[in-house]
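After the structure tokens below, expect a handful of questions from me.
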Amino acid sequence: MALVAGKYALRSVGRNVRRTALSVLGIAIGVALALFMESMNRGREGLFARAAAYSGSGHLRVVPRGWRLRRDPRLRLAGFEADLAAARDLPGVAVVAPRARAQVLLAMGTHVVPIEAVGVDPEAEQRAYRFVRNVVAGRWLRPDDEPGAAVVGQAVADRLEAELGDDLLATVVGEGGRIESGMLRIVGIVRTGSEEIDASICQVTLGELERLTGLRGAGEVTVLLSDHRSAPAARAALAARIAPGDEVLTFEDLAPEFKGHLEQDKATNRFVNGIILLIVVLGVASAQLAAVLERRREFAVLSALGMRARRMVRLVLLEALALGLAGGALGLALGLPVLWLFSTRGLDLSRLMGATWSFQGILIEPVIYGDLGPWIVPYVLAVALGATALASLYPAWFAARTDPAVALRVAQ
Amino acid sequence: MSDVILSARGVTKIFRQGRIEVPALRGVDLEVRTGEFLALVGPSGSGKTTFLNLAGALDVPTGGELLVFGKRIADLSRAARAELRLRELGFVFQAYNLVPVLTALENVEFVLELQGVGGERRERARAVLDELGLGELADRRPAELSGGQQQRVAVARAVAARPRLVLADEPTANLDGENAEILMHLMRDLRDRHGMTFVFSTHDPRVVAHAVRVVTLVDGRVARDQEKPGEAPHEILPGVGKAEAAGHLGP
Ligand SMILES: Nc1ncnc2c1ncn2[C@@H]1O[C@H](COP(=O)(O)OP(=O)(O)OP(=O)(O)O)[C@@H](O)[C@H]1O
Ligand SMILES: [Mg+2]
């Protein structure tokens, strides 16, 4: 029933120009809002990925089996060299950063600060943990640094009342529970923008940490991927190659609360989105119902001519399709500039949250870049057509139910 | 060989308005044969529209037995009645009731589309309009046609799908005398050439004059049933064969 029914539906949409225009506008606004929300939701995914990339957490992390539950910094990898090699061989790898951690008590004069010291590969670390690049005094660690060289966060230095070049006494619990101590010298001070994080930074070379604790090797190998979306595949590939006794964790495993927080945000957005669309659907439904009611006699005539209920439903849905396409196109036209703005400039939350934003020890840039991609076309079509089809179901059913005998009796 | 296409025996129809029961038909007995040109007359409220609605399978009787093309209307589902209307019946309404957004041609074509006619749909629709002398009006919308023209297009729409029975409820009520004449000739012509059966209601004596058989309803019953002498259906039917070969319609 291609031809005439199509023209019929299309021209019917044009019958009441004002009502159609309002319906189309309503759909368009709903679509544009839904598009914006979805774009930002996808952008949040990117925020998550960037947080993983910049905060030092990495997309994947090889850790000793058992670390996940105990989180004991003294645990060391079963096969550090093998894990490192396996990680470096992984396709799509951007940075591989080995680390070793230790609980340290830093002391200077009468001031004492407990902290988790991290032994790092200075080269890799700067690329894996973007915020330690912000050295405000002195310098960053060198691959073969002088014995005792340490970089600390601004807050650590403040609490110790220490300055660049000062010597600190570091006391650690080493192998077999023995208390070891050594001297560290501040060669650099970093400021990340978050007090919380600044108070937790004490970085030395891997060799230095080995010397302090007497524990050989590293406690983790952190992997940054060029594309966070390849994490599941990379995880499987890496897990197959690392030393037995070690395991691979993802950022989700490492920061489940952070992920949960993001998911919650997204769910809230979807909920608001759903309500907006529901209002649009109800508005369009009432307009469509009015359109069908106005044409009650016409539907009665069609029924008398033998038009079956199914075809009548199709006719009304066809009209909805035309409305939906127009609304979708206008929605896209309205939404695209906004989407483009937010995908290039981003939604900057820093005014609300301070320059950088720390969430449970994970530092993120508080800028959400909306996602803009080819997904918007099918998305707009799905939302616009889905909403109008949904809105037209009841009017269509109503039209199909028209009793020809009664409706034809109605006076003109 | 005029076979019975409609048979009513003791047909009743009672409308319920809340508690009140309105008996519109109180037992109609009537037989209609192929090729008849039947006028249904009677005072206002006598049940003409009600009977046409039942005969057209738009509604179901309350009691009695009504057979249309051998089918008991009361037993048919909504869908089955729609199917019967689509395949066997044509309707002409008092208020023309063309689809306002479609042209004359499209209005006719749409019925063929509903019938599932494929490729030659448009040509067939045009042929029907041409046959009824409406070719010039093909691309006009109802609003651009006079009442008489609209009603002629409505007749074209009603007969395009080759129904065996065409029902018309006061088809000339909105027309002036001249247009009523034209319309009656048109319908009479279709019946004479294609053997289509027409049943129409009217109040207009000039329209009744065209009828071959006149059935008078009073108070929901058949009060009179007159056949005009010399014009019995079987006397006209022999001509049908010839017209069929020449015309576009034909059963
Ligand atoms: N849907 C309905 N509900 C209630 N009563 C109805 C309904 N339809 C018809 N009637 C009643 O049934 C009776 C017959 O009505 P009908 O319309 O068939 O008469 P009619 O002969 O067509 O009259 P007219 O010449 O005025 O068109 C009337 O009394 C009318 O009021
Ligand atoms: Mg009537």
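Checking B:R33 against (1) within 13 Å of chain A (Cβ to nearest Cβ); (2) away from ligand 1 (no atom under 16 Å from the Cβ), only one condition comes out false. Which one?
Tallying (1) within 13 Å of chain A (Cβ to nearest Cβ); (2) away from ligand 1 (no atom under 16 Å from the Cβ), B:R33 fails exactly one: (1).
Moving on to the next point. Which members of the range B:167-219 meet the condition of being part of a helix (DSSP H, G or I), within 16 Å of ligand 2 (Cβ to nearest atom) and buried (at least 21 other Cβ atoms within 10 Å of the Cβ)?
First pass over the range B:167-219, keeping only residues part of a helix (DSSP H, G or I): B:177-194, B:205-208.
Next, only the ones that are within 16 Å of ligand 2 (Cβ to nearest atom) stay: B:207-208.
Scanning the range B:167-219 gives a single hit, B:V207.
Moving to a separate point now. Filter the range A:49-74 down to the residues that are under 22 Å from A:L212 (Cβ atoms), surrounded by fewer than 17 Cβ atoms within 10 Å (Cβ to Cβ) and touching a Gly at 6+ places or on another chain (Cβ under 9 Å) and list them by number. Don't jump to the end; show me each part of the working.
Going residue by residue through the range A:49-74, those that are under 22 Å from A:L212 (Cβ atoms) are A:56, A:63-64, A:67, A:70-74.
Narrowing the set further to residues that are surrounded by fewer than 17 Cβ atoms within 10 Å (Cβ to Cβ) leaves A:70-72.
Correct list: A:D72 only.
How about the range B:84-107: which of its residues are more than 7 Å from chain A (Cβ to nearest Cβ), more than 16 Å from ligand 2 (Cβ to nearest atom) and either in a loop (DSSP other than H, G, I, E, B) or among the acidic types (D, E) (or both)?
Answer for the range B:84-107, where residues must be more than 7 Å from chain A (Cβ to nearest Cβ), more than 16 Å from ligand 2 (Cβ to nearest atom) and either in a loop (DSSP other than H, G, I, E, B) or among the acidic types (D, E) (or both): B:E88, B:L98, B:P100, B:T103.
Please identify the pairs in which a residue from the range B:35-48 that is closer than 13 Å to B:H210 by Cα has its Cβ atom under 6 Å from the Cβ atom of a residue that is near ligand 1 (Cβ under 6 Å from one of its atoms) and charged (D, E, K, R), counting only partners at least 6 apart or on another chain.
B:L40/B:K48
Next up: If I go through the range A:333-363 residue by residue, how many of them are modelled with pLDDT of 65 or more and part of a strand (DSSP E or B)?
Number of matching residues: 2.
Still on this structure, please answer the following. Among A:E257, A:E263, A:E298, which is the only one that is under 27 Å from A:V13 (Cα atoms) and either open to solvent by 50 Å² or more (accessible area, probe 1.4 Å) or out of contact with any Asp or Glu (no Cβ under 6 Å at 6 or more places or on another chain) (or both)?
On the way: A:E257 fails: under 27 Å from A:V13 (Cα atoms); A:E263 fails: under 27 Å from A:V13 (Cα atoms).
Going through A:E257, A:E263, A:E298 in turn, the sole match is A:E298.
For the condition touching a helix residue (DSSP H, G or I) at 6+ places or on another chain (Cβ under 6 Å), modelled with pLDDT under 90 and charged (D, E, K, R), what is the one hit in A:E263, A:E252? Spell out how you get there, then give the answer.
Values: A:E263 fails: touching a helix residue (DSSP H, G or I) at 6+ places or on another chain (Cβ under 6 Å).
Just one listed residue meets the conditions, A:E252.
Looking for whichever is buried (at least 17 other Cβ atoms within 10 Å of the Cβ), within 12 Å of another protein chain (Cβ to nearest Cβ) and away from ligand 2 (no atom under 16 Å from the Cβ) here; the options are B:R126, B:R162, B:R157, B:R152. Which one fits? Let's see the steps before the verdict.
On the way: B:R126 fails: within 12 Å of another protein chain (Cβ to nearest Cβ); B:R162 fails: within 12 Å of another protein chain (Cβ to nearest Cβ); B:R152 fails: within 12 Å of another protein chain (Cβ to nearest Cβ).
After ruling out the rest, the residue left standing is B:R157.
Of the numbered conditions (1) touching a residue at least 24 places away in the same chain (Cβ under 8 Å); (2) assigned to a strand (DSSP E or B); (3) within 27 Å of A:A51 (Cα to Cα), A:L168 satisfies every one except a single condition; which is it?
The failed condition is (3).
Still on this structure, please answer the following. Being within 18 Å of A:R311 (Cβ to Cβ), among the small types (G, A, S) and part of a loop (DSSP other than H, G, I, E, B) is the filter; apply it to the range B:57-83 and report the residue that is nearest to the other protein chains (Cβ to nearest Cβ). Can you show your working first?
Of the range B:57-83, the ones within 18 Å of A:R311 (Cβ to Cβ) are B:57-58, B:77-83.
From what is left, the residues that are among the small types (G, A, S) are B:57, B:77, B:79-80, B:82.
The next check asks that each one be part of a loop (DSSP other than H, G, I, E, B); those that pass are B:57, B:77.
Values: B:A57: 9, B:S77: 11 Å.
Result: B:A57.
Based on this model, can you work out whether A:L77 counts as under 20 Å from A:Q203 (Cβ atoms), surrounded by 24 or more Cβ atoms within 10 Å (Cβ to Cβ) and modelled with pLDDT of 90 or more? Outline the logic, then answer.
Numbers: under 20 Å from A:Q203 (Cβ atoms): yes; surrounded by 24 or more Cβ atoms within 10 Å (Cβ to Cβ): yes; modelled with pLDDT of 90 or more: yes.
Yes; evaluated as a whole, the condition is true for this residue.
If the requirement is being part of a strand (DSSP E or B), open to solvent by 40 Å² or more (accessible area, probe 1.4 Å) and closer than 30 Å to A:A78 by Cα, which of these qualifies: A:E146, A:E116?
On the way: A:E146 fails: part of a strand (DSSP E or B).
The conditions single out A:E116.
Something else about it: Is there a residue in the range A:5-13 that is away from every other protein chain (no Cβ under 14 Å) and modelled with pLDDT of 90 or more?
Within the range A:5-13, the first condition is being away from every other protein chain (no Cβ under 14 Å), and the residues that meet it are none.
Within the range A:5-13 (the criterion being away from every other protein chain (no Cβ under 14 Å) and modelled with pLDDT of 90 or more), the answer is no, since none of the residues qualifies.
Can you pull out the residues in the range B:16-60 that are buried (at least 19 other Cβ atoms within 10 Å of the Cβ) and either away from ligand 2 (no atom under 16 Å from the Cβ) or among the basic types (K, R) (or both)?
B:L30, B:V32, B:R33, B:T34, B:G35, B:E36, B:F37, B:K48, B:A57 - these are the residues of the range B:16-60 that are buried (at least 19 other Cβ atoms within 10 Å of the Cβ) and either away from ligand 2 (no atom under 16 Å from the Cβ) or among the basic types (K, R) (or both).
For B:G64, indicate whether it is within 11 Å of ligand 1 (Cβ to nearest atom), open to solvent by 40 Å² or more (accessible area, probe 1.4 Å) and of a type outside the set (D, E).
In short, no.
The values are calculated or read from the model by the stated rules, or taken from the named source; none is laboratory data. Predicted model, so just to flag it, every value in this text is computed and none were measured. For neighbour counting, all protein chains shown are included, and Cβ atoms are generated from backbone atoms with ideal geometry for every residue, glycine included. Please note that ligands, DNA and RNA were not included when accessible areas were found on the heavy atoms of the full protein model with its side chains. Shrake-Rupley method; radii C 1.70, N 1.55, O 1.52, S 1.80 Å.
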